[in-house]
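Everything on this sheet refers to the single structure shown next.
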Amino acid sequence: QVQLVESGGNLVQPGESLRLSCTASGIIFGLFDMGWYRQAPGKQRELVAIVRSRGSITYADSVKGRFTISRNSARDTVYLQMNSLKPEDSAVYYCVAESSINAKYNYWGQGTQVTVSS
């Protein structure tokens, strides 16, 4: 059974930082691209960042310079370090694993809430 478990979401004030974690089980971690998406109420789900199986990284323009994605293969875990948080970063953040061999094999976590508010 494939499972992605996110943690780290919280309520923070603008300018503060959070680190999200996602631990995968039931997959061969090294064969999957790992990423983070987010969805705010009334908005489309958007890609935040992806780190691919070979190590390349893509960020959304809105988070470049503020967020950092990384993966620890020994722990089957992907992280999203979020600095200088803004109210517009508020959303449910979802972890996704996508097979680098066949993208139709993709799996999603349940999400973790991030709220940035003064």
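Values computed for the structure shown
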item: Projected label distance in nm at ASN106 and SER7, using a 7 Å step from Cα toward the beta-carbon; result: 2.7 nm
item: For the chain: accessible area per residue (Å², 1.4 Å); result: 56 Å²
item: Relative contact order (%) - the range 45-112, alpha-carbon pairs under 8 angstrom, separation at least six; result: 20 percent
item: The chain: relative contact order in percent, alpha carbon pairs under 8 Å with at least 6 residues between; result: 36 percent
item: Choice from SER90, SER53, SER62 showing the highest fluctuation, given a GNM over the chain with Cα pairs closer than 10 Å; result: SER62
item: The range 34-118 - convex hull of alpha carbons, volume per residue in Å³; result: 110 Å³
item: For ALA24, net neighbour charge (Lys/Arg +1, Asp/Glu -1) across residues whose Cβ lies under 13 Å away; result: -2
item: Burial ranking of peptide ranges 26-34, 93-101 (average Cβ count within 10 Å, highest at the top); result: 93-101, 26-34
item: Summed side-chain charge close to SER100 - residues other than SER100 whose Cβ falls under 9 Å, Lys, Arg +1, Asp, Glu -1; result: 0
item: Cleavage-rule hits, trypsin sites (Lys or Arg not before Pro), the range 46-118, DSSP coil, Cβ neighbours within 10 Å at most 11; result: ARG54, LYS64, LYS104
item: Within the accessible area of the chain (1.4 Å probe), percent carbon and sulfur; result: 44 percent
item: Environment charge of THR58, counting only residues whose C-beta is closer than 11 Å and scoring Lys/Arg +1, Asp/Glu -1; result: 0
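The values are calculated or read from the model by the stated rules, or taken from the named source; none is laboratory data. Since the structure is predicted, the reported quantities are computational estimates derived from the model, not experimental observations. As a convention, Cβ positions derive from the backbone with ideal geometry for all residues, glycine included, and neighbour counts pool all protein chains shown. To get the accessible areas, we keep the full protein, side chains included, count just its heavy atoms, and leave off ligands, DNA and RNA. Shrake-Rupley method; radii C 1.70, N 1.55, O 1.52, S 1.80 Å.
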